[in-house]
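Let me begin by presenting the structure, written as structure tokens, before commenting on it.
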Amino acid sequence: MTLVDLLISVQRTPFAHAIAKANHMLLASLQIVHVFGFILLLAPLVLICLRILGLVLRDQPLLDIVRQARKLSLVGLAMALTSGMFMFLSAPLHYYFNWAFDTKIVLMLGALLLYAGFFAWVAACESRRPTLAKVTVSLSVLAWIAVSMAGRAIGFV
């Protein structure tokens, strides 16, 4: 059984068929939830980036900001991943053969690694290595912008 065969099997499940054949408003709603999830995921990142760059909340300890923002990011990540999974289930073969989707997934994995690994570390050592902290959060923001652009390209490929 190849991956394409597996995706065909998934596409033929009653659940995937129900999503694909549902009212167009269901897929539009999933897209709205997906975008809103990304906003909830990225808003704290931008806030923390601006704080590390010294543009906002200079008097607030960075660890407090990160601790409070983490919950919002996790809610946004859950919304984006769940709605994205449902959209994928509606047409897995379409997404499988779409290079923009592949690009988005690879970029998203990289952005998640940056966000989870380096970002927690940078927040802890921001005062000792401010240049490295600024570079890391800037790369993280750029990675998520690339994910968003690749996601936007999916509909045009």
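Let me spell it out: the conditions are (1) more than 16 Å from Gly155 (Cα to Cα); (2) out of contact with any helix residue (DSSP H, G or I) (no Cβ under 9 Å at 6 or more places or on another chain), and Ala28 meets all of them except one. Which number is the exception?
Evaluating Ala28 over (1) more than 16 Å from Gly155 (Cα to Cα); (2) out of contact with any helix residue (DSSP H, G or I) (no Cβ under 9 Å at 6 or more places or on another chain) leaves (1) as the failure.
Has the stretch 97-118 got any residue that is outside any helix (DSSP H, G or I) and acidic (Asp, Glu)?
No, the conditions are met nowhere in the stretch 97-118.
Looking at Arg58, Arg70, which one is basic (Lys, Arg), touching a residue at least 12 places away in the same chain (Cβ under 8 Å) and closer than 30 Å to Tyr115 by Cα?
Arg70
Kindly provide the set of residues from the stretch 58-81 that are surrounded by 15 or more Cβ atoms within 10 Å (Cβ to Cβ) and either in a loop (DSSP other than H, G, I, E, B) or in contact with an Asp or Glu (Cβ under 8 Å, 6 or more places away or on another chain) (or both), ordered by number.
Selection gives Leu62 alone.
Of everything in the stretch 12-59 that's within 30 Å of Val137 (Cβ to Cβ) and among the aromatic types (Phe, Trp, Tyr), which residue is nearest to the chain's Cα centre (by Cα)?
Phe38
Conditions (1) under 25 Å from His94 (Cα atoms); (2) crowded, with 16+ Cβ neighbours inside 10 Å; (3) modelled with pLDDT under 85, marked per residue:
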residue: Ala22; (1), (2), (3): yes, no, yes
residue: His34; (1), (2), (3): yes, yes, no
residue: Leu40; (1), (2), (3): no, yes, no
residue: Pro44; (1), (2), (3): no, yes, no
residue: Cys49; (1), (2), (3): no, yes, yes
residue: Gly54; (1), (2), (3): no, no, yes
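Quick one: is Leu63 closer than 15 Å to Leu89 by Cβ and in contact (Cβ under 8 Å) with a residue 60 or more places away in the chain? Break it down into steps so the answer makes sense when it comes.
Working: closer than 15 Å to Leu89 by Cβ: no; in contact (Cβ under 8 Å) with a residue 60 or more places away in the chain: yes.
Spelling it out, it is not the case that Leu63 is closer than 15 Å to Leu89 by Cβ and in contact (Cβ under 8 Å) with a residue 60 or more places away in the chain.
The values are calculated or read from the model by the stated rules, or taken from the named source; none is laboratory data. For clarity, every value in this text was computed on a predicted model and none was experimentally measured. Positions of Cβ are generated from backbone atoms using ideal geometry, with glycine treated the same way; all protein chains shown enter the neighbour counts.
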